[in-house]
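Novice: Would you mind keeping the following structure in view while I ask a few things?
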Amino acid sequence: MDLAWYALLGLFFAGYLVLAGYDYGVGLLLARSGGPAGRREALTALGPFFLGNEVWLVAAMGILFGAFPVLEGELLSGCYPAVAGALVGVILVTAGVQLRSRPTDERIRARWDRVVMIGSALAALGWGVVLAALLQGVPLQADGHVAGVSHLATPFAAAAGLAMVTLVAVHGATFLTLRLSADAAAVVGRTARRLVPVALTAVALATIVGLLSSRVRDAVQRPAVAVLLPVLLAAALLAARAALAWRRPGWALVATGASLALPVALVGAALWPYVLVSTTDPSASLAVADAAASAPTLRLLGWLTLPLLPVLLGFQAMCWWVFRGRTDGRAPVYW
């Protein structure tokens, strides 16, 4: 049962990164959207989806609080600056997208666009640093508490955070090739193809820094998984670039989405059976079974949570079906 809930937590958080990832990617690309009209079209393409996408974060946090209360306390306290930065970014993106349409002055709208860009960068960077902190281990003491937040200021955390920003940018650009008018999609498609090598470089840099880091090597429990998944991530990015070149944005979006889900799988699989590995006292490492709530609590949560997954999937499917066309009303070639 512990493994099932751990996998469900990973599924919801990966779903959040995949779906909200193109929200933040579009936000990062507003500076390259061709003036006020281009920015308006990009946010119009995003508009029907971004609030529903954030529901996955709420669901993931609900599972974390209910099913893994020990992990929740130590994760949020030990990674507080990164988590707080990510949540501030989420709030800025939500506020900026909703409020930019209120004023008629383009200068004020441009300021809100900058708020969206800053929030998008904070959200992507913050979640990347959180995943990196888990993968490299935390200073978990014998009393079960994380000591300080200095473990967030490491070269690997910085490299992983920047890699997440580039992955989100590629994902957002790929999303726009699917939703913008045909002429605008051709332009942003070229941007997406140019961003793929940047993302590959960032991922390679984070991988190399991780391999050279003694903290990461000591924390990882399954080295083969830690090597295999970055290779799969690079393959997903190359597949996305090929699909973009063949003008198949649907397949490209699937591939870039996989590149955002794979880091979550990497952390979960590489650390198993632990969820927090202590860098100061190996005996203090927190196992998944110890972090989970009691069996009766998990069973009760199961009756409340499991119906949520098909509802969320159905809602996402409905949104994509209703708003499946481009912003000019034309149907894109998905596959």
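The values are calculated or read from the model by the stated rules, or taken from the named source; none is laboratory data. In this text the structure is predicted, and so the values were computed from the model without any measurement. All Cβ positions, glycine included, derive from the backbone under ideal geometry; neighbour counts span all protein chains shown. Keep in mind that these areas ignore ligands, DNA and RNA; they rest on the heavy atoms of the full protein, side chains included. Shrake-Rupley method; radii C 1.70, N 1.55, O 1.52, S 1.80 Å.
A quick yes/no check of all residues on (1) open to solvent by 20 Å² or more (accessible area, probe 1.4 Å); (2) over 25 Å from Val196 (Cβ atoms):
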site: Ser214; (1), (2): yes, yes
site: Arg222; (1), (2): yes, yes
site: Ala226; (1), (2): yes, no
site: Val231; (1), (2): yes, no
site: Ala239; (1), (2): yes, no
site: Thr256; (1), (2): no, no
site: Leu276; (1), (2): no, yes
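Novice: Could you tell me which numbered condition Asp218 fails, if it satisfies all but one of (1) surrounded by fewer than 20 Cβ atoms within 10 Å (Cβ to Cβ); (2) under 30 Å from Arg324 (Cα atoms); (3) in contact (Cβ under 8 Å) with a residue 60 or more places away in the chain?
Specialist: (2)
Novice: From the set of residues in the range 106-151 that are among the charged types (D, E, K, R) and touching a Pro at 6+ places or on another chain (Cβ under 8 Å), which is surrounded by the most Cβ atoms within 10 Å (Cβ to Cβ)? Can you show your working first?
Specialist: Step one: list which residues in the range 106-151 are among the charged types (D, E, K, R), which gives 106-107, 109, 111, 113-114, 143.
Next cut, touching a Pro at 6+ places or on another chain (Cβ under 8 Å) only: 106, 109.
Working: Glu106: 14, Arg109: 20.
Looking at residues that are among the charged types (D, E, K, R) and touching a Pro at 6+ places or on another chain (Cβ under 8 Å), I get Arg109.
Novice: Are there any pairs with C-beta distances below 7 angstrom linking a residue in the range 108-121 that is part of a helix (DSSP H, G or I) and at pLDDT 85 or above to a residue that is open to solvent by less than 40 Å² (accessible area, probe 1.4 Å) and hydroxyl-bearing (Ser, Thr, Tyr), with the two at least 6 apart or on different chains, and if so which?
Specialist: Ser120/Tyr24
Novice: Let me ask another. Do we have any residue at all in the range 32-48 that's at pLDDT below 85 and β-branched (Val, Ile, Thr)?
Specialist: The initial filter retains those residues of the range 32-48 that are at pLDDT below 85, namely 32-48.
Checking the rest, the ones that are also β-branched (Val, Ile, Thr) come to 44.
Yes: one or more hits.
Novice: Something else now. Looking at (1) crowded, with 22+ Cβ neighbours inside 10 Å; (2) over 19 Å from Ala270 (Cα atoms); (3) polar (S, T, N, Q), which is the one condition that is false for Thr154?
Specialist: (1)
Novice: Right, another one. The conditions are (1) in a helix (DSSP H, G or I); (2) more than 26 Å from Gly126 (Cβ to Cβ), and Arg217 fails exactly one of them. Which is it?
Specialist: (2)
Novice: Another one. Look through the range 45-78, keep the residues that are aromatic (Phe, Trp, Tyr) and not in a helix (DSSP H, G or I), and return whichever of them is farthest from Gly89 (Cα to Cα). Walk me through it before giving the result.
Specialist: Within the range 45-78, the first condition is being aromatic (Phe, Trp, Tyr), and the residues that meet it are 49-50, 56, 65, 68.
Filter again for not in a helix (DSSP H, G or I), leaving 49, 68.
Details: Phe49: 17, Phe68: 25 Å.
That would be Phe68.
Novice: Can you tell me which of Arg114, Arg100 is among the basic types (Lys, Arg) and closer than 14 Å to Tyr24 by Cα? I'd like the intermediate steps shown before the answer.
Specialist: Working: Arg100 fails: closer than 14 Å to Tyr24 by Cα.
Among Arg114, Arg100, only Arg114 is among the basic types (Lys, Arg) and closer than 14 Å to Tyr24 by Cα.
Novice: Output the number of residues of the range 157-185 satisfying the condition of being modelled with pLDDT under 85, in a helix (DSSP H, G or I) and open to solvent by 20 Å² or more (accessible area, probe 1.4 Å). Steps first, please.
Specialist: The first filter runs over the range 157-185 and keeps only residues modelled with pLDDT under 85, leaving 181-185.
Still in the running and in a helix (DSSP H, G or I): 182-185.
Now narrow it down to the ones that are open to solvent by 20 Å² or more (accessible area, probe 1.4 Å): 182-184.
Summing the residues that are modelled with pLDDT under 85, in a helix (DSSP H, G or I) and open to solvent by 20 Å² or more (accessible area, probe 1.4 Å) in the range 157-185 gives 3.
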